[in-house]
Amino acid sequence: MSTTTDSERYFTELAAALRTAGVPEEQITATVEDLRGHLAETGAHPEEEFGLAAGFAAQLGGLAPRPAEPDEQAENWTWTADIFNDVRMLAVHGDEGWEVESLDSLGRFVCRRSTTAALRWEYRREVITGRRRTKVLAGLEPEGWELCGEWLVYGYFKRPRAATAGPEAALKSPPATPLQTLFLSRRGKLALAVWLVVVSAAAAACFIGVLGMGGLAITIALVSVFSSLYTSHLETAKGHEEQRRPRP
């Protein structure tokens with residue numbers, strides 16, 4: 001059961017974290033009162049119910065755009081990168097105020113950026129296959145990390161930089177929306193070049209009659225499948241290696 005002293009200490013810390021993040025005082029008061037009422041009904045301990053105060057404050061939004069903000073007042077942008085370049089580009093675009101809302105069926109990052117209260121975001125990628133999923137989520141959620149998309153064996157997590165940088169996470173003059181939507185690494189470009197060479201050779205063979213249309217389709221499908229499997233294998237091995245390294 002939660003004690004009054006524990007609750008008061010928790011809500012004092014939560015209010016301070018929200019205040020540091022720049023949340024308006026009236027919003028802090030209303031939020032804290034709502035949470036107090038919830039605990040009064042459930043009788044739960046605040047940290048058991050909500051997690052650590054600092055991490056919970058980050059989940060509540062900090063300087064992030066208010067949930068009630070109309071969609072027409074926000075910018076929307078979808079982009080993608082190969083799996084060797086995604087983390088780097090997430091850091092770049094997160095620093096420009098782009099919040100990843102989801103990954104679509106093609107593995108593209110669907111992003112949003114407020115035009116009135118843009119905030120820098122930070123991202124991380126973790127291997128979340130099998131039983132590891134529960135462990136990763138349990139370790140990251142108290143720190144304010146939120147799962148925003150999944151691809152292959154990876155989960156992508158986001159949190160507003162206000163969780164660690166406070167008011168400095170605000171973005172006063174966001175850069176223009178990038179015109180580019182595809183960001184390839186050197187390895188990604190090499191893989192694409194190899195794919196194009198093989199497919200072009202198959203198309204030429206089809207044109208001169210050596211390979212029929214069915215053979216061309218099968219060749220393209222096989223090259224695409226093996227390319228995906230090889231890329232997934234390389235990056236999965238890399239991901240497991242990163243997981244074995246001690247965190248700083």
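The values are calculated or read from the model by the stated rules, or taken from the named source; none is laboratory data. Owing to the predicted nature of the structure, the values given are computational and were not obtained by experimental measurement. Cβ atoms come from the backbone with ideal geometry, glycine included; neighbour counts cover every protein chain shown. The area values use the complete protein model at the heavy-atom level, side chains included, leaving out ligands, DNA and RNA. Shrake-Rupley method; radii C 1.70, N 1.55, O 1.52, S 1.80 Å.
On the basis of being modelled with pLDDT of 80 or more, open to solvent by less than 10 Å² (accessible area, probe 1.4 Å) and assigned to a helix (DSSP H, G or I), does LEU18 make the cut?
No.
Considering only residues that are in a strand (DSSP E or B), open to solvent by 10 Å² or more (accessible area, probe 1.4 Å) and among the basic types (Lys, Arg), which ones fall in the stretch 102-116?
ARG112
Looking at this structure, is VAL127 modelled with pLDDT under 85 and over 30 Å from LEU18 (Cα atoms)?
Here the answer is no, as VAL127 does not meet what is asked.
Among the residues of the stretch 120-132, is any in a helix (DSSP H, G or I) and open to solvent by 10 Å² or more (accessible area, probe 1.4 Å)? I'd like the intermediate steps shown before the answer.
Taking the stretch 120-132 as the starting set, the residues that turn out to be in a helix (DSSP H, G or I) are 132.
Subset that is open to solvent by 10 Å² or more (accessible area, probe 1.4 Å): 132.
Yes.
Within the stretch 85-101, track down each residue that is open to solvent by 40 Å² or more (accessible area, probe 1.4 Å) and part of a loop (DSSP other than H, G, I, E, B).
ASP95, GLU96
What is the one condition in (1) at pLDDT 80 or above; (2) out of contact with any helix residue (DSSP H, G or I) (no Cβ under 9 Å at 6 or more places or on another chain); (3) not hydroxyl-bearing (Ser, Thr, Tyr) that ASP82 does not satisfy?
Looking at each condition in turn, ASP82 falls short on (2).
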